[in-house]
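Novice: Just passing along the structure, written as structure tokens.
The values are calculated or read from the model by the stated rules, or taken from the named source; none is laboratory data. Everything numeric in this text was worked out from a predicted model, so none of it was measured. All Cβ positions, even for glycine, are placed from backbone atoms using ideal geometry, and neighbour counts span all protein chains on display. Surface accessibility is based on the protein's heavy atoms, side chains included, excluding ligands, DNA and RNA. Shrake-Rupley method; radii C 1.70, N 1.55, O 1.52, S 1.80 Å.
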Amino acid sequence: MQLKMAKVESFTLDHTKVKAPYVRLITEENGGKGDTISNYDLRLVQPNANAIPTAGLHTIEHLLAGLLRDRLAGVIDCSPFGCRTGFHLITWGEHSTTEVAKALKGALEEIATVTKWEDVPGVDVYSCGNYRDHSLFSAKEWAKKILDEGISDDAFNRNVI
Ligand SMILES: [Zn+2]
């Protein structure tokens with residue numbers, strides 16, 4: 001017997017064909033009252049070739065939470081993929097992948113320059129579910145590597161913004 005489950009777009013993407021780092025629009029969903037929600041694939045490293053270690057990814061997550069909201073309207077959530085190669089970004093409304101890539105670039109540029117641990121938000125026992133598992137050093141080094149490679153607004157063709 002085959003297990004019946006909803007089809008998920010992310011599992012239909014050929015991960016061997018993409019060229020990270022990139023921003024890709026996964027879906028635009030329309031609600032019953034006319035609102036649109038967009039879901040993006042923020043792929044920071046190449047699938048099955050690299051993965052950001054958990055502590056660095058966790059610190060990037062905490063920093064992106066505020067830095068992306070400062071740069072892009074309607075951010076609902078930005079959460080890491082289980083494979084640790086990037087993040088889902090969910091927003092109200094529609095944004096071009098170029099617009100999202102520019103916001104991501106600006107946010108990573110800021111992460112690369114953070115010098116004080118106190119500037120990372122929500123990293124105490126009260127505001128984080130695993131506050132011991134963070135690394136600002138790792139977050140900054142991965143941010144620099146991603147910026148050096150350049151962020152494309154197209155998953156399959158390098159079109160660095
Ligand atoms: Zn946390």
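Novice: Within the stretch 69-103, how many residues turn out to be assigned to a helix (DSSP H, G or I) and either in contact with a strand residue (DSSP E or B) (Cβ under 6 Å, 6 or more places away or on another chain) or under 17 Å from Glu29 (Cβ atoms) (or both)?
Specialist: 4
Novice: Quick one: in the stretch 9-40, which of the residues that are in a strand (DSSP E or B) and among the β-branched types (Val, Ile, Thr) is surrounded by the most Cβ atoms within 10 Å (Cβ to Cβ)?
Specialist: Val23
Novice: Starting from the stretch 125-145, keep only residues that are farther than 20 Å from Ser79 by Cβ, then list their pairs with residues that are near the ligand (Cβ under 10 Å from one of its atoms) whose Cβ atoms are within a distance under 7 Å, requiring at least 6 positions of separation or different chains.
Specialist: Within 7 Å, the pairs are Val125/Tyr131.
Novice: Only one of (1) of a type outside the set (D, E, K, R); (2) touching a Phe, Trp or Tyr at 6+ places or on another chain (Cβ under 7 Å); (3) at pLDDT 95 or above is not met by Ile146, so which one is it?
Specialist: Among (1) of a type outside the set (D, E, K, R); (2) touching a Phe, Trp or Tyr at 6+ places or on another chain (Cβ under 7 Å); (3) at pLDDT 95 or above, the lone unmet condition for Ile146 is (2).
Novice: From the residues in the stretch 106-144 that are open to solvent by 70 Å² or more (accessible area, probe 1.4 Å) and basic (Lys, Arg), which one is nearest to the ligand (Cβ to nearest atom)?
Specialist: In this case the residue turns out to be Arg132.
Novice: Kindly evaluate Lys102 against the criterion of being away from the ligand (no atom under 16 Å from the Cβ), out of contact with any Asp or Glu (no Cβ under 9 Å at 6 or more places or on another chain) and open to solvent by 30 Å² or more (accessible area, probe 1.4 Å).
Specialist: So Lys102 does not fit the description; no.
Novice: Still on this structure, I have one more. Quick test for you: out of Phe81, Phe87, pick the one residue that is touching a helix residue (DSSP H, G or I) at 6+ places or on another chain (Cβ under 8 Å), within 30 Å of Lys33 (Cβ to Cβ), open to solvent by less than 70 Å² (accessible area, probe 1.4 Å) and within 16 Å of the ligand (Cβ to nearest atom).
Specialist: Phe87
Novice: Another question about this same structure. Which one of these is in contact with a Lys or Arg (Cβ under 9 Å, 6 or more places away or on another chain) and away from the ligand (no atom under 16 Å from the Cβ): Asp41, Asp35, Asp70?
Specialist: Within the list Asp41, Asp35, Asp70, the selection yields Asp41.
Novice: Mind listing whichever residues of the stretch 145-158 are open to solvent by 80 Å² or more (accessible area, probe 1.4 Å), of a type outside the set (Phe, Trp, Tyr) and part of a loop (DSSP other than H, G, I, E, B)?
Specialist: Scanning the stretch 145-158 gives Asn157, Arg158.
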